[in-house]
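Everything below concerns the one structure shown next.
The values are calculated or read from the model by the stated rules, or taken from the named source; none is laboratory data. Quick caveat, the model's predicted, so the values are computed rather than measured. Cβ placement follows ideal geometry from the backbone for every residue including glycine, while neighbour counts extend to all protein chains displayed.
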């Protein structure tokens with residue numbers, strides 16, 4: 001792990017600048033400008049004593065000496081591509097440490113299993129991504145862990161009521177937040193969650209974990225608002241080309257050492273090829289996310305004015321009188337590139353719209369260079385019962401857009417003809 005902030009002549013370098021080289025030196029690899037793919041399962045020790053020392057650190061048998069780093073042993077434990085990637089990912093979120101996984105769900109599941117035990121309760125915002133919802137309510141319950149949901153955007157009193165109820169069911173261990181909520185774009189106040197967690201902690205610290213996938217590492221920094229852990233599906237904006245599956249967890253060295261330990265034994269870490277692809281993508285992350293964010297504003301304005309659209313869910317349209325606006329101004333740096341909207345009608349009209357799209361692709365996932373559209377009620381959130389979808393604000397008429405880097409006029413032309421077809 002690289003230590004300290006990157007500096008040049010007393011000047012703090014920005015993440016977009018150091019993404020090109022941080023954590024890697026060309027002389028390590030015959031002068032190669034870019035980090036090679038270390039496609040190897042195991043690493044050769046120079047001596048038996050070195051191998052012993054590496055394993056002592058890897059398994060926590062002793063504390064490292066000053067300036068002593070973990071050596072390379074086996075790619076399930078560590079690999080240069082992953083170590084360099086993890087160093088670079090910490091820069092956006094000002095995190096001390098990072099662990100990368102082979103998928104976003106691997107990151108979420110490994111992290112939750114690290115800190116939850118039978119008899120524990122977890123409080124979470126809703127709605128959350130469908131896979132997370134299933135994990136919370138159908139998998140963790142089998143381990144004796146009780147989920148307790150509070151509505152995103154319902155205000156501080158709703159969270160506190162659910163926390164009180166959760167503590168009656170078990171030992172409250174973690175508050176899990178997805179903000180903005182998927183797919184409604186409703187914001188959860190991270191600072192308030194952290195305050196509640198601190199106030200309710202007794203002999204055991206209640207952790208706050210935030211899934212930051214929707215806004216990504218550019219437009220929201222949960223750790224600076226009191227969160228203990230931040231989670232990503234790196235498949236989305238960080239990968240950004242719809243060609244790699246990965247996830248990450250970031251936070252303090254202390255907490256991440258626990259996450260990494262379980263990652264080692266579950267085998268959920270990403271491989272070197274995945275790590276290399278993400279290193280490539282990080283170099284253009286700010287360019288892509290900025291372009292997508294700007295494009296989304298044009299599309300949201302168009303949809304808000306269209307007579308066939310009933311409602312647009314977009315952070316850039318929050319009214320100053322809306323309580324969400326104050327949280328947005330304090331917590332977010334930009335509205336991002338995710339838009340949901342309700343078309344006039346219901347599922348039939350939404351399907352006709354989706355089937356008529358030409359340039360925008362009908363597919364799940366988000367955060368890629370191409371624009372994507374999907375139907376949350378029957379696709380990403382289809383495992384949630386209809387009555388629960390309705391309570392969460394997911395309607396049969398809702399369509400979710402992930403805005404890409406195409407020219408905004410072309411995207412608007414596609415939306416216009418699809419709305420006419422609907």
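Listed values, structure above:
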read-out: Number of positions in the stretch 117-155 that are under 17 Å from residue 196 (Cα atoms) and either assigned to a loop (DSSP other than H, G, I, E, B) or outside the structural domain of residue 182 (by TED's automatic domain parsing) (or both); value: 4
read-out: Qualifying residues in the stretch 289-301 (those that are in contact with a helix residue (DSSP H, G or I) (Cβ under 8 Å, 6 or more places away or on another chain) and buried (at least 18 other Cβ atoms within 10 Å of the Cβ)) - the one nearest to residue 239 (Cα to Cα); value: 289
read-out: Close pairs (7 angstrom Cβ cut-off, 6 or more residues apart or separate chains): at negative phi in the stretch 282-302, surrounded by fewer than 18 Cβ atoms within 10 Å (Cβ to Cβ) and outside any helix (DSSP H, G or I) anywhere; value: 283/20; 288/369
read-out: Any hit, the stretch 314-324, residues being touching a residue at least 40 places away in the same chain (Cβ under 8 Å), touching a strand residue (DSSP E or B) at 6+ places or on another chain (Cβ under 7 Å), not assigned by TED's automatic domain parsing to the domain that holds residue 184 and not in a loop (DSSP other than H, G, I, E, B); value: yes
read-out: Elements of type helices (runs of 4 or more DSSP H) in the stretch 1-103, at least 2 residues being surrounded by fewer than 19 Cβ atoms within 10 Å (Cβ to Cβ), on the phi < 0 side of the Ramachandran plot and in contact with a strand residue (DSSP E or B) (Cβ under 8 Å, 6 or more places away or on another chain); value: none
read-out: Filter pass, residue 305 being at pLDDT 95 or above, exposed (fewer than 15 other Cβ atoms within 10 Å of the Cβ) and over 28 Å from residue 285 (Cβ atoms); value: yes
read-out: Counted residues, the stretch 396-405 - those being within 10 Å of residue 341 (Cβ to Cβ) and surrounded by fewer than 24 Cβ atoms within 10 Å (Cβ to Cβ); value: 1
read-out: Candidates 174, 135, filtered to the one that is touching a strand residue (DSSP E or B) at 6+ places or on another chain (Cβ under 7 Å) and either at pLDDT 95 or above or over 19 Å from residue 338 (Cβ atoms) (or both); value: 174
read-out: Residue in the stretch 331-344 that is assigned to a helix (DSSP H, G or I), in contact with a strand residue (DSSP E or B) (Cβ under 6 Å, 6 or more places away or on another chain) and either at pLDDT 95 or above or surrounded by 15 or more Cβ atoms within 10 Å (Cβ to Cβ) (or both) present; value: no
read-out: Test for residue 124: is it within 27 Å of residue 375 (Cβ to Cβ), in contact with a strand residue (DSSP E or B) (Cβ under 8 Å, 6 or more places away or on another chain) and surrounded by fewer than 19 Cβ atoms within 10 Å (Cβ to Cβ); value: no
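Matching residues to (1) surrounded by 21 or more Cβ atoms within 10 Å (Cβ to Cβ); (2) under 30 Å from residue 397 (Cβ atoms); (3) in the same structural domain as residue 115 (by TED's automatic domain parsing):
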| position | (1), (2), (3) |
| --- | --- |
| 201 | no, no, yes |
| 205 | no, no, yes |
| 240 | yes, yes, yes |
| 243 | no, no, yes |
| 253 | no, no, yes |
| 256 | yes, no, yes |
